[in-house]
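Engineer: Below you'll find the structure I mean.
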Amino acid sequence: MCGIVSIVYKDETKNIGREAAELLKRLEYRGYDSTGASFIDKDRNIVLVKRVGAPSKVCKELNIASYSGQRFIGQVRWATYGAVTDANSQPHHVRCKVEMVGAHNGNISNTDSLRVDLTARGHRVVSENDGEIIVHLVEDHYAANKAKPDAVLGSLRHAYASSGVDEPVDDDVLILIDAIRKAESEAQGSYAAAVADPRVPGAFAIKSGSSLYAGIGSDADGSFVVVSSDLTSVLAKTRLLIPLSEGEGLWYTHDRYLVFSLGNEARFSVPKPKRSRLNVKDTALDPRWKHYMEQEIRSAPGNVQEIIRYYFQDAAEAGLAAVLEKHADLAKGLCDTASDLSSRTDDRALSAAWAELSASADFRALASKAAAEPQARQVLAGRTSFRSDEATLLAELARLAPGSPEDLALVDLALIWRKRRSVTRYARGLTDRIRESRKSGGSVYMIASGTSYHAALTAAYFFSGLAGIPVHPCNPGQFRGSYMDCLSDADFVLAISQSGETKDLVDILTDIAERRPLVGRASLVNNENSRIPQELSDFYLPILCGPEIAVAATKSFVNQLVILYILAASFSLPEQAVMDKVRAMAGLMEDTLRTAGPAIDRVAGRLFLEPSVHLLGTGLFGLAREGALKIREVVLNHAEGYDAAEFKHGPNTILGKNTVFSPLDLELAVGAALASGTALPSGGDQAAAGHAFLAAHPELMERLFTDYPLVFVCPPDERDTRITVSQIHTHKIRGAAIVLFAEKQADLDLAVRGVPANNPGYHSDYVELPTTKDRFLFVFAATVALQYLAYRMSVLKMEYLDQLGVDEHGVHPDAPKNVSKSITVD
C-alpha cells in the first residue's frame, strides 16, 4: 500500500505546510517507510522534501509545517518496488522533457520493462521506485502532446463539448489529461496517483484500481480541493465529497474540478459534490481509550446492533414497514430525493430543498398514510435519534428545521426500510445460490486474504455444524493453485474483504469472470462503494462495521463472523431464533471483556516478551490463526495458529530446550553472570569469545531454556474437551507452559493446573470465558478475548522497548511496522 494526499488553494499560503504535515500524519497507518512533501509556490517553483521514516517523525525532522505554497502533493510509503531509501521515497520531481512532480500508491507491475523503455525515450530514471515510472510516463506523453498539440486537441475539444460541461478549460489541461490517459494505457497494475505541472493550473489525480477520495471546501486560507487515498484525511478538511469512480481521473484547482475517463473514449463531467455520510468525529479516538485498536475491539458489541437492524425485520416497525411496502414506489422515490439533499453545499440551499421535499404532495401523502397506522404513528412519534446511512444529514436538517421531527423520522425509517429490504433479499439470494450450487453438484468457495481468510475458515466451522454444508475457504493463492482450473458453472464463489479492493482478490475475481462467467460471484464487504462489490460481484452483503482505523482488523472480523453465522444458521434455525442468538453475541462479548479482562492482562504480562507462541484451537483452526496473526501484527512476536490435535505432528519439537530466547531470558542470564562475579568477554572476535564464554559457563545457557507457551482455545463441546485435555497433558510434560481460553469446566481445570512431576516450575493460566454451552457462540467470546490479549501484549512491549530507548522498533497497536490496510499490491 502507500498513501497519497494533495491540496490546492487559490493563493500561496504560509499555512499549507502545516496542513500538509497534518494530512501526512493522518496517513501514517498506510505507510511509514518514508514520507515526502512537494510544494508549488505562486512563482511556479517546485520544492520537494522527503526522507526515510514515518510521518510522525519526518514531518518534524524536515519541518514540513514551515513550508508555504499554493499546491501540495505528498506521500507516505509502504515499500514494495525499491529499497527503503531517500531516493525511493516519494513524491518524484522529474524534468527530463517537461517539469512535473507526482506520487502514487499501489503498484505498477510492469515497472522493469517500462524503466527500459523510458530510458530509451530519453528519460533519466533515478530510483527503483514504480512511483517515478508513472510520473515519467505522464511527462513523456505530455511533452509529446505539447510538441504536436493539434494532433490531440481536436478530438479532446469535441469530447469536451459533447460532455455538456459549460465552463471552458485551458488547452494545456486537456493535453495533460490526454497524457495521463496514454500513461494509464501503458501502466499495468492497480494504483492511485497525483501529478502536477507547475505551469498548468491545479493538479491531476488518477484512480486506477486503488482507493482515492476528493473533497471541496474552504478554511481560513480560502477555498480548496483536497484529494487523498484515505477518506478520513479528506473528512478532516471537508464533508463535501466529489464523486469519483474507478477508472476516472480528476483535474482540480482551488474551486473547480473536472472528472475524466481514463480508458476508452474520452468523457468529461462535473458531478455535484455530496455531503459525506461520515464526518471526522466518526473516525476520532474516544477519550476513554488510548488506542484505536482497543476502541474498535470494544465497539464490537454495538456494531452487532447495526447488523440486527439490517439483517432482520424489526417487529416494532412492522406497521410502518407494511405501509412503506404497500406504497413502495412512493417510499423509494422519497428515499432517492432525500439522499439527493446531500448535494446541497450550504445550509440555506439544504433548508430550502428540505422545505420543498417535506411540503411535496408525495411526501405528505406518504406521511398521511403512515400517521393513519397506529403502530407506525407511535414509532414515528417516539423517534429521538437517527440510525440510517443518512443520519448525519438528517441531524443537520434537525438543526435547520427543528419543527419537523416526525417528517425526519419518516425519512430515517424509510431509508432503513429500503436498505434492509435490499440486504435481506440478497442474504436470501446468497443462501439460495448455495443451495442451487449444492443441488447441481457444484462447490462453494469462500476466497479472502489475511483476517478475512480466517473469517472464511471459521465460516466453514459454522456451515459444517449449523447447515451441514461443506464450503472451501481459501486465500487467492490457494484458490489459483488448487481450484481455478477445476471450476464448473455450478460452482459459487463468496469473496470476503473489509476494503473491497484487495489486489490479489480483485485479480482472482477478474479471472473467474473472464474464464467462467457463469460461476456465481457474491461478496461480503465493508466498503460498499469499492471495486469488488460494484464491479466484480453479482450482488454483495455489507459488513456494516463503519470505518476501521487501526491497521490490525478487529471489529471487521467480528462483523464478518456474525454475518457468516447468520447465513449458516439460516439453513437450520427460524429467523427469530437466529436473531436471538445474534443478540446474545453482543452481551456475550461485553461480558467477556469485562469479566475476563483482568485475567487477560495477567497473561499478556507473561507473554509479551516471549519471542514465540503457538495458539491451538480445538476445531477452531481459523480462530487460532487469527489470534496468532493479531500477535504477529501488533506485538511483532512470532506466533502460529494450529489445530490443537495437529500440533503434535511436528511443531511440538519446539517444546523443551530450544534456542528461541526472549530479551527477558537474556537479561536473567547476563544478570546471573554479573551477580556471580563472572567477567563477560570483551574485545577481539566477539562471537568466538562469546562461544568460549558460554562453553565455560554452561549454567548460563541452562538459564536461557524456559517452558514454551501454548495458548489453547477450547469450545464447550464434550469431544473437544477430551481432545484438549489430552493435548495439554501430552505437551506440558515436554516443556510447555499452558494458557487456556475456555468456559468453566472441571476436567479442563484439573488438566491445566496439574504440575508435572518432571517440571516443578510449570506455570499455567486458565482464562475463564462466560458460559454459553454453545460452541458457536463461544467463538465470539474467544474472538474478542484473543484480540484484547494481542492489544495488551502490544502496549506492554511498546512501553518496554520505549523505556530501553530502542528507536524505530515498530511495535504499536494501531500502526505496527511492515503491515498496512487495504493491500493494493500483488
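Engineer: Just checking, how many residues over segment 40-58 are touching a Lys or Arg at 6+ places or on another chain (Cβ under 7 Å) and within 22 Å of Val135 (Cβ to Cβ)?
Structural biologist: So the count comes out to 4.
Engineer: Filter segment 247-261 for residues that are farther than 17 Å from Gly102 by Cα, open to solvent by less than 10 Å² (accessible area, probe 1.4 Å), touching a residue at least 40 places away in the same chain (Cβ under 8 Å) and not polar (S, T, N, Q) and give the result.
Structural biologist: Leu258, Phe260
Engineer: In segment 128-163, which residues are in contact (Cβ under 8 Å) with a residue 24 or more places away in the chain, of a type outside the set (Asp, Glu), over 21 Å from Val200 (Cα atoms) and open to solvent by 10 Å² or more (accessible area, probe 1.4 Å)?
Structural biologist: Listed by number, the list holds a single entry, Ser163.
Engineer: What number of residues in segment 623-646 are over 18 Å from the mean Cα position of the chain (by Cα), surrounded by fewer than 23 Cβ atoms within 10 Å (Cβ to Cβ) and either outside any strand (DSSP E or B) or touching a residue at least 40 places away in the same chain (Cβ under 8 Å) (or both)?
Structural biologist: Adding up the residues that qualify gives 5.
Engineer: Would segment 458-479 turn up any residue that is open to solvent by 40 Å² or more (accessible area, probe 1.4 Å) and at positive phi?
Structural biologist: yes
Engineer: Let me ask something additional. Are any of the residues in segment 555-563 crowded, with 23+ Cβ neighbours inside 10 Å and assigned to a loop (DSSP other than H, G, I, E, B)?
Structural biologist: So far as segment 555-563 goes, no, none of its residues is crowded, with 23+ Cβ neighbours inside 10 Å and assigned to a loop (DSSP other than H, G, I, E, B).
This table checks each residue for (1) touching a residue at least 12 places away in the same chain (Cβ under 8 Å); (2) under 26 Å from Val819 (Cα atoms); (3) not polar (S, T, N, Q).
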position	(1), (2), (3)
Ile7	yes, no, yes
Asp11	yes, no, yes
Lys14	yes, no, yes
Arg18	yes, no, yes
Ala21	yes, yes, yes
Arg26	yes, yes, yes
Ser38	yes, yes, no
Val47	yes, no, yes
Arg51	yes, yes, yes
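Engineer: Could you check how many residues of segment 179-199 are open to solvent by 20 Å² or more (accessible area, probe 1.4 Å), assigned to a helix (DSSP H, G or I) and not small (Gly, Ala, Ser)?
Structural biologist: 4
Engineer: List the number of the failed condition for Leu400; all other conditions in (1) in contact with a Gly (Cβ under 8 Å, 6 or more places away or on another chain); (2) among the aliphatic types (A, V, I, L, M); (3) surrounded by fewer than 19 Cβ atoms within 10 Å (Cβ to Cβ) hold.
Structural biologist: Condition (1) is where Leu400 drops out.
Engineer: Scan segment 164-182 and report the pairs whose first residue is of a type outside the set (A, V, I, L, M) and whose second residue is open to solvent by 30 Å² or more (accessible area, probe 1.4 Å) and not in a helix (DSSP H, G or I), with Cβ atoms within less than 7 Å and a gap of 6+ or a chain change.
Structural biologist: Correct list of pairs: Asp170/Pro201; Asp171/Pro149.
Engineer: Starting from residues that are in contact with a Phe, Trp or Tyr (Cβ under 6 Å, 6 or more places away or on another chain) and under 20 Å from Lys25 (Cβ atoms), keep the ones in segment 63-101 and report whichever is surrounded by the fewest Cβ atoms within 10 Å (Cβ to Cβ).
Structural biologist: It comes out as Tyr67.
Engineer: Further, regarding this structure: Only one of (1) in contact (Cβ under 8 Å) with a residue 12 or more places away in the chain; (2) farther than 29 Å from Asp504 by Cα; (3) more than 30 Å from the chain's Cα centre (by Cα) fails for Asp43. Which number is that?
Structural biologist: Unmet condition: (1).
Engineer: Mind checking which residues of segment 112-127 are open to solvent by 50 Å² or more (accessible area, probe 1.4 Å), under 18 Å from Gln90 (Cα atoms) and not charged (D, E, K, R)?
Structural biologist: Val126
Engineer: Scan segment 775-782 and tell me whether some residue there is among the charged types (D, E, K, R) and modelled with pLDDT of 90 or more.
Structural biologist: yes
Engineer: If Thr345 satisfies every condition in (1) modelled with pLDDT under 95; (2) of a type in the set (Val, Ile, Thr); (3) within 30 Å of Phe557 (Cβ to Cβ) but one, which is the exception?
Structural biologist: (3)
Okay, residues lined up against (1) touching a strand residue (DSSP E or B) at 6+ places or on another chain (Cβ under 8 Å); (2) open to solvent by less than 10 Å² (accessible area, probe 1.4 Å):
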position: Ser488; (1), (2): no, no
position: Ser497; (1), (2): yes, yes
position: Arg516; (1), (2): no, no
position: Ser523; (1), (2): yes, yes
position: Arg531; (1), (2): yes, no
position: Asp538; (1), (2): yes, no
position: Ile549; (1), (2): no, no
position: Ser572; (1), (2): no, no
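Engineer: Here's a follow-up. Taking the condition surrounded by 16 or more Cβ atoms within 10 Å (Cβ to Cβ) and outside any helix (DSSP H, G or I), does Tyr762 pass?
Structural biologist: yes
Engineer: Could you tell me which residue of segment 708-762 is farthest from Val660 (Cα to Cα), considering only residues that are aliphatic (A, V, I, L, M) and out of contact with any Leu (no Cβ under 8 Å at 6 or more places or on another chain)?
Structural biologist: Ala746
Engineer: Restricting the search to segment 606-621, which residues are open to solvent by less than 10 Å² (accessible area, probe 1.4 Å), closer than 20 Å to Glu718 by Cα and either without any contact (Cβ under 8 Å) to a residue 24 or more places away in the chain or small (Gly, Ala, Ser) (or both)?
Structural biologist: Matches in segment 606-621: Gly617 only.
Engineer: Looking at segment 200-246, which of the residues that are of a type in the set (Asp, Glu) and closer than 30 Å to Glu186 by Cβ is least open to solvent (accessible area, probe 1.4 Å)?
Structural biologist: Asp230
Engineer: Output the number of residues of segment 547-580 satisfying the condition of being in contact with an Asp or Glu (Cβ under 8 Å, 6 or more places away or on another chain), of a type outside the set (S, T, N, Q) and closer than 24 Å to Met446 by Cβ.
Structural biologist: Of the residues in segment 547-580, 5 are in contact with an Asp or Glu (Cβ under 8 Å, 6 or more places away or on another chain), of a type outside the set (S, T, N, Q) and closer than 24 Å to Met446 by Cβ.
Engineer: Additional query: Out of segment 9-22, which residues are among the charged types (D, E, K, R) and either surrounded by 24 or more Cβ atoms within 10 Å (Cβ to Cβ) or under 30 Å from the mean Cα position of the chain (by Cα) (or both)?
Structural biologist: Of everything in segment 9-22, those that are among the charged types (D, E, K, R) and either surrounded by 24 or more Cβ atoms within 10 Å (Cβ to Cβ) or under 30 Å from the mean Cα position of the chain (by Cα) (or both) turn out to be Arg18, Glu19, Glu22.
Engineer: Same structure, new question: Within segment 588-626, how many residues turn out to be farther than 23 Å from Ser452 by Cα and in contact with a Cys (Cβ under 7 Å, 6 or more places away or on another chain)?
Structural biologist: Residues meeting the conditions: 0.
Engineer: Does segment 683-706 contain any residue that is in contact with a strand residue (DSSP E or B) (Cβ under 7 Å, 6 or more places away or on another chain), farther than 22 Å from Val784 by Cβ and either open to solvent by 30 Å² or more (accessible area, probe 1.4 Å) or touching a residue at least 24 places away in the same chain (Cβ under 8 Å) (or both)?
Structural biologist: No - not one qualifying residue is present in segment 683-706.
Engineer: Of the residues Lys25, Lys60, Lys42, only one is open to solvent by 30 Å² or more (accessible area, probe 1.4 Å), among the charged types (D, E, K, R) and at pLDDT 95 or above; which?
Structural biologist: The unique qualifying residue is Lys60.
Engineer: Enumerate the helices (runs of 4 or more DSSP H) found wholly within segment 276-357, keeping only those where 2 or more residues are of a type in the set (Ser, Thr, Tyr) and surrounded by 13 or more Cβ atoms within 10 Å (Cβ to Cβ).
Structural biologist: It comes to 300-311, 328-340.
Engineer: Can you say whether Arg433 is in a helix (DSSP H, G or I), buried (at least 19 other Cβ atoms within 10 Å of the Cβ), touching a Cys at 6+ places or on another chain (Cβ under 8 Å) and of a type outside the set (A, V, I, L, M, F, W, C), as far as the supplied structure shows?
Structural biologist: no
The values are calculated or read from the model by the stated rules, or taken from the named source; none is laboratory data. Just so you know, these numbers come straight off a predicted model, no measurement behind them. With ideal geometry, Cβ positions are generated from the backbone for all residues, glycine too; neighbour counts draw on all protein chains shown. Calculation scope for accessible area: heavy atoms of the full protein, side chains included, ligands and nucleic acids excluded. Shrake-Rupley method; radii C 1.70, N 1.55, O 1.52, S 1.80 Å.
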